[in-house]
Amino acid sequence: MKVLRTPDERFDDLPGFGYEPNYVEVDDTEGGRLRIHYVDAGPPDAETVLLLHGEPTWGYMFRTMIPVLVAAGLRAVAPDLVGFGRSDKPAETSDYTYERHVTWMESFVEAVGLEGATIAGQDWGGIIGLQLAVRHPDRFTRIVASNHGFPTGDRAPTDAFLAWLEYSQTVDPFPAGQIVANGCALPMAPEVVAAYDAPFPDESHKAGARIFPVLVPIRPDDPASPSARRALELLKAWERPFLTAFSDGDPVTAGADTMFQATVPGAKGQRHAVIAGGGHNLHEDAGTELGRVVAEFIAANPR
């Protein structure tokens, strides 16, 4: 497997993101090693929030959320998924599967030694995060779901998702920064758009970003469907605290919050949030408010 690594200078002087890089190496399922980058902020012995981004974003999207969590006495750990940010990028779209993404993050969680953490995921980060939680309940205490569903292939996808799927596979070049901006309700400054383009010096680095929409199980016979169905059944028995914190302006995941509230026992009685004025990438539109919601949720649900 050919692996690319974005030059460090691409990440110099990014606005609002002065965190020192941290790295761990994990074994790949087919041999070799992959380097995963992460931000680690706050007291090392504090309650930990694992922040998982979606596509085509990276840990940069949590830059206004992390200070709120740290001010609340929490530790924030924000890895870049393989193929994104400062993490290694396998060069072929065929290198990426649903299961490999989950396995890579399982290895990351083990390498960092997370115990009793809260998962807060958005988009694909939420899908991967739910798999981590139900597979490793000894490591995770709470879940915060933001602007994502949990597709198993047993329901028809929305028209909005099908339009995104077609666009993602045909647009050339793949405009990562502009895609992030298009998923926001608020205008994005050019230097922030550039920060989302930073991980991708050229098209060869975008295989992971390009293929992610294809990996969503949208058919009953999708290779990822059996795993997703098993995880959904385990979620139906998840009694630990589960919070939905969705924006009010995301056409792709609208309604998924009420689905989780009706499905997951741990969601009962929680103060679920609908954040006004946010788009799909609500961490970009309202990261400070979302950080406050997560910190309050943790305080209200002590271990």
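Data for the structure
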| quantity | calculated |
| --- | --- |
| The listed residue being within 18 Å of L52 (Cβ to Cβ), part of a helix (DSSP H, G or I) and among the acidic types (D, E), out of E284, E289, E233 | E284 |
| Residue under evaluation R155, criteria (1) free of Cβ contacts under 8 Å to residues at least 24 places away in the same chain; (2) crowded, with 19+ Cβ neighbours inside 10 Å, criterion not met | (2) |
| Positions within region 136-160 being among the small types (G, A, S) and either more than 26 Å from G116 (Cα to Cα) or in contact with a Phe, Trp or Tyr (Cβ under 8 Å, 6 or more places away or on another chain) (or both), in sequence order | A145, S146, G153, A156, A160 |
| Where R271 falls short, out of the listed (1) more than 17 Å from the chain's Cα centre (by Cα); (2) closer than 21 Å to F62 by Cα | (2) |
| Criterion violated by R155 - all others in (1) at pLDDT below 95; (2) over 28 Å from P265 (Cα atoms); (3) among the charged types (D, E, K, R) satisfied | (2) |
| Scan of region 203-227 for residues that are closer than 30 Å to A185 by Cα and among the aliphatic types (A, V, I, L, M), ordered by number | A207, A209, I211, V214, L215, V216, I218 |
| Residues located in region 192-222, provided they are of a type in the set (K, R) and in contact with a Ser or Thr (Cβ under 8 Å, 6 or more places away or on another chain) | R210, R219 |
| Scan of region 113-151 for residues that are surrounded by 21 or more Cβ atoms within 10 Å (Cβ to Cβ) and among the β-branched types (V, I, T), ordered by number | T118, I119, I127, I128, I143, V144 |
| So A163, is it among the hydrophobic types (A, V, I, L, M, F, W, C) and surrounded by fewer than 19 Cβ atoms within 10 Å (Cβ to Cβ) | yes |
| Complete set of residues in region 225-248 that are under 24 Å from H283 (Cα atoms) and among the aromatic types (F, W, Y) | F242, F246 |
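Condition check ((1) buried (at least 23 other Cβ atoms within 10 Å of the Cβ); (2) free of Cβ contacts under 8 Å to residues at least 12 places away in the same chain) across all residues:
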site	(1), (2)
N22	no, no
R33	no, yes
D40	no, no
G59	yes, no
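The values are calculated or read from the model by the stated rules, or taken from the named source; none is laboratory data. For clarity, every value in this text was computed on a predicted model and none was experimentally measured. In this analysis, Cβ positions are derived from the backbone assuming ideal geometry, glycine residues included, and neighbour counts consider all displayed protein chains.
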